[in-house]
Amino acid sequence: MTVLCQPWMSTLWVISASPGRPGVGRCPSVDRHPQAVDAVVERSVDVAPQPEGAGELHRDEAVGPCHDGPRRLERMVRASETFRRVDHRSTRLDAPSSVCASNVFTNRLHVFDHNDISIDAVIASGCIPSVFQAVEINGEYFWDGGYMGNPPIFPLIYNCASADVLLIMVNPIHIEQVPQTAQAILDRINTLSFNSSLMREMRAINFVNRLVEGGFDDGGRLKKMLIHCIDAEDEMGKLGVSSKLNVGGEFLGWLFALGRARADIFLREHFDAIGNVSSTSIEERFL
């Protein structure tokens, strides 16, 4: 799963497994230039990171979602050496990669693979329709890919030789208490909606795995997938709605350190499972 920084206007977002509830992953330049995060924050509009204030930033009440938001992001990412490698007009990515976006017209998922990934494709893959206008690519218009696949697993199944799939889980699947406030309810509705495509795809993978285990592989066309997960559900489930717009350096640093720590735990406990067995039970986790 490719994780890329998205400094949407006044915020620093990161593509995750759910539109509307961004999580923060590793920015490749942060290790070398930790001041880059502060620079993005300093260039942002100076408002408190609460949804009420953010609405004024992202939305022109007269015309709807912000028209020039994607272009502002484009100008920022084109100035980044890291993002230049994503642009199809520049150097190809070292490893096969893909991002997905939802076609507004056709109601279909479009997967941009390593042959046609561009900065526009990256922007489209995180285009939240309530915040930004649809992104045009070759005459088609796209919104966030999470509406159709969150994230889509099938490109890894069909286009990769490896049977291992590692999911970086940002949104909590399980929560400990029933949401009571309006914001908490809407937040949970959002995670339920955008986790649903992942749950369905994992059900399909589990079905195929059982067929293969039973001796049927359709002449070699089916293969058993090995599923692994890195998550911090115990911590991510505690974050409120306002955390979506929290661009404070201390908070981003905490998320970065948390992700590294959980990845280290995964490697210590499950490294030997890679290539051999699933370290995550699909039935227990997703069904």
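The values are calculated or read from the model by the stated rules, or taken from the named source; none is laboratory data. Note that the coordinates shown come from a computational prediction; the quantities given were computed from them, not determined experimentally. Please note: Cβ atoms are built from the backbone with ideal geometry, for glycine as well, and neighbour counts cover all protein chains shown. For the accessible areas, the whole protein counts, side chains as well, though only heavy atoms, and no ligand, DNA or RNA atoms are used. Shrake-Rupley method; radii C 1.70, N 1.55, O 1.52, S 1.80 Å.
Worth pointing out:
- Number of positions in the stretch 249-287 that are hydroxyl-bearing (Ser, Thr, Tyr) and at positive phi: 0
- Scope the stretch 110-128; condition in contact with a strand residue (DSSP E or B) (Cβ under 7 Å, 6 or more places away or on another chain) and modelled with pLDDT of 85 or more; matching residues: His110, Val111, Phe112, Asp120, Ala121, Val122, Ile123, Ala124, Ser125, Cys127
- In summary, helices (runs of 4 or more DSSP H) completely within the stretch 225-287 and bearing 3 or more residues that are among the acidic types (Asp, Glu) and open to solvent by 30 Å² or more (accessible area, probe 1.4 Å) occur at 233-236, 249-270.
- Scope the stretch 105-130; condition aliphatic (A, V, I, L, M), closer than 17 Å to Phe194 by Cβ and in a loop (DSSP other than H, G, I, E, B); matching residues: Ile128
- Residue match in the stretch 144-163 (condition: touching a residue at least 60 places away in the same chain (Cβ under 8 Å), in a helix (DSSP H, G or I) and closer than 20 Å to Glu233 by Cβ): yes
- Residue match in the stretch 200-219 (condition: among the small types (Gly, Ala, Ser) and part of a helix (DSSP H, G or I)): yes
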